[in-house]
Amino acid sequence: MIWTEIFLCALLFTIGLKFWLAQRHFKAVSSNQHQIPSDFAEHIQLHDHQKAARYTLTKTRFGLLHFIFEVFVLIGFTLLGGLDFLQSYTTQWASGLWAGVTLIAAFSLITSLLDLPWSYYQQFVIEQQFGFNRMSKQLWLIDLFRGLLLSIALGGPLLILILYLMTQIQTYWWLAAWGVWFGFSLLLMWLYPTVIAPLFNQFKPLQDGPTKSKILSLLQRCNFNSDGLFVMDGSKRSSHGNAYFSGLGKAKRIVFFDTLLERLNDDQIEAVLAHELGHFKKKHIQTMLFISGLLSLILFAVLGYLANSSWFYTGLGVTPDLANGSQALALILFLLVLPYFTFLFKPVFSWLSRKNEFEADAYAAQHTQAQHLISALVKLYQDNAATLTPDSCYSAFYDSHPPAAIRIKHLKQHEHL
């Protein structure tokens, strides 16, 4: 079938492009690992630079292997008949709407189990090897169990409602389903700071002192109201550090990883927070919400068309029963093949994200000293073993943040303004 050939072409193109980009990245990082870029020579030791190179190469290699495994899983579920086989069994256990729920639940369970060894290796081999892992195996299992319960409690009702809309509404079910999905996404953003995040981490109010005073002064200068300043126990899982704010409306929490507070001084912490506030003040979050909503609406419309097209199923090795409903099959197949047809759009979103980062940096430089953010970034690059010498094409395609050298060059321009 033509659709099968189109799918295979998209798959092969994505594989080829990923390997080409990875090969360029390998070459760039490997060839520069023995010499520190001049802009960082005074701040980063050679052994830290080489550690970052090894860490980057290891993660890139691991990512490629994981991707190839996912391709085999995709082929197994589609053209080799795995999803058809799974459907034949789930229809024996349930019928109607619940047959679709059972199929998606079984598919999700199988794919999650297949991904477990990869998750384990990344956490307890790669992260452990480079000194970043602080998570016990017991905590890892507890997180998996909590995540499973959360998926059932939140994702289960959402799935049932979407499948119900697909069966009860004829032509424009996809519009109603999109409204439910987008509304649910906004609800999760509102619930995350106070309900979801505390299930996995402890959040304690930032203690009074010079750090808190400096932050409160910054918030006042930036006219930013928050629901509190909190410290998260990120150190029980990883030595990586970060800061963020989350929530909608008045429920905006500013959160610092305890590892970040341990590694940066007050001026650097203030500059990092000013950068995060820049995202809010420049309306990046609202913009990304709008883009996400628009794109998801388009994708739901495409799904609405494909769900009623028999060639979409048969071309992927699945036998649909359109008369009795194939909504669950449509959802699974669409989510399986979507990444390979949208991969070429990734650099567009990466570019938009980097543009936002530059704007947030500029905002931080206006309300704090640019040098403080520069020194904080250098420290974070060092502590997180982030490579200073990525390949330009690889970075343009994947990176949500500008490369270190370019980002700091832009910040230095603000020092003289």
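The values are calculated or read from the model by the stated rules, or taken from the named source; none is laboratory data. A quick note: this is a predicted structure, and the numbers were derived from the prediction, not measured. Cβ placement follows ideal geometry from the backbone for every residue including glycine, while neighbour counts extend to all protein chains displayed.
Listed values, structure above:
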| quantity | calculated |
| --- | --- |
| Residue list for the range 123-177, filter: of a type in the set (D, E, K, R) and not in a loop (DSSP other than H, G, I, E, B) | GLU127, LYS137, ASP143, ARG146 |
| Any hit, the range 43-50, residues being touching a Pro at 6+ places or on another chain (Cβ under 8 Å) and either of a type in the set (Val, Ile, Thr) or not in a helix (DSSP H, G or I) (or both) | no |
| Residue within the range 102-110 that is under 25 Å from GLY155 (Cα atoms), exposed (fewer than 15 other Cβ atoms within 10 Å of the Cβ), within 26 Å of the chain's Cα centre (by Cα) and touching a residue at least 12 places away in the same chain (Cβ under 8 Å) present | yes |
| Hits in the range 76-92 - residues which are in contact (Cβ under 8 Å) with a residue 24 or more places away in the chain and either in a helix (DSSP H, G or I) or over 19 Å from LEU336 (Cα atoms) (or both) | PHE77, LEU83, ASP84, LEU86, GLN87 |
| Scan of the range 171-213 for residues that are without any contact (Cβ under 8 Å) to a residue 40 or more places away in the chain and over 29 Å from LEU331 (Cβ atoms), ordered by number | PRO198, ASN201, GLN202, LYS204, PRO205, GLN207, ASP208, GLY209, LYS212, SER213 |
| Residues being more than 16 Å from LYS204 (Cβ to Cβ), touching a helix residue (DSSP H, G or I) at 6+ places or on another chain (Cβ under 7 Å) and at pLDDT 85 or above - total across the range 250-268 | 5 |
| Given (1) polar (S, T, N, Q); (2) within 29 Å of ILE374 (Cα to Cα); (3) buried (at least 17 other Cβ atoms within 10 Å of the Cβ), index of the condition THR78 fails | (2) |
| Any chance SER95 is of a type outside the set (A, V, I, L, M, F, W, C), at negative phi, surrounded by fewer than 17 Cβ atoms within 10 Å (Cβ to Cβ) and not in a helix (DSSP H, G or I) | yes |
| Residue check for GLN382: surrounded by fewer than 18 Cβ atoms within 10 Å (Cβ to Cβ) and on the phi < 0 side of the Ramachandran plot | no |
| Yes/no for ALA28 being outside any loop (DSSP other than H, G, I, E, B), of a type in the set (Gly, Ala, Ser), closer than 24 Å to ILE75 by Cα and in contact (Cβ under 8 Å) with a residue 12 or more places away in the chain | no |
| Of all residues making up the range 260-286, the number that are in a helix (DSSP H, G or I), surrounded by fewer than 22 Cβ atoms within 10 Å (Cβ to Cβ) and polar (S, T, N, Q) | 1 |
| Hits in the range 396-417 (condition: without any contact (Cβ under 8 Å) to a residue 60 or more places away in the chain and in a helix (DSSP H, G or I)) | ALA396, ILE406, ARG407, HIS410, LEU411, LYS412, GLN413, HIS414, GLU415 |
| Residues of the range 297-309 classified as in contact with a helix residue (DSSP H, G or I) (Cβ under 6 Å, 6 or more places away or on another chain) and in a helix (DSSP H, G or I), total | 6 |
| Total residues in the range 33-60, condition over 17 Å from PRO403 (Cα atoms) and of a type in the set (A, V, I, L, M, F, W, C) | 1 |
| Per-region count, the range 326-338, residues modelled with pLDDT under 95 and not aliphatic (A, V, I, L, M) | 2 |
| Residue list for the range 178-207, filter: touching an Asp or Glu at 6+ places or on another chain (Cβ under 9 Å), polar (S, T, N, Q) and not in a helix (DSSP H, G or I) | ASN201, GLN202 |
| Residue satisfying all of: in the range 325-338; free of Cβ contacts under 8 Å to residues at least 40 places away in the same chain and surrounded by fewer than 22 Cβ atoms within 10 Å (Cβ to Cβ); farthest from LEU158 (Cα to Cα) among these | LEU338 |
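Yes/no per residue for (1) modelled with pLDDT under 90; (2) surrounded by 15 or more Cβ atoms within 10 Å (Cβ to Cβ); (3) touching a Pro at 6+ places or on another chain (Cβ under 6 Å); (4) within 25 Å of ARG134 (Cβ to Cβ):
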residue	(1), (2), (3), (4)
LEU199	yes, no, no, yes
ILE215	yes, yes, no, no
GLN220	yes, no, no, no
ARG237	yes, yes, no, yes
GLY241	yes, yes, no, yes
LEU248	yes, yes, no, no
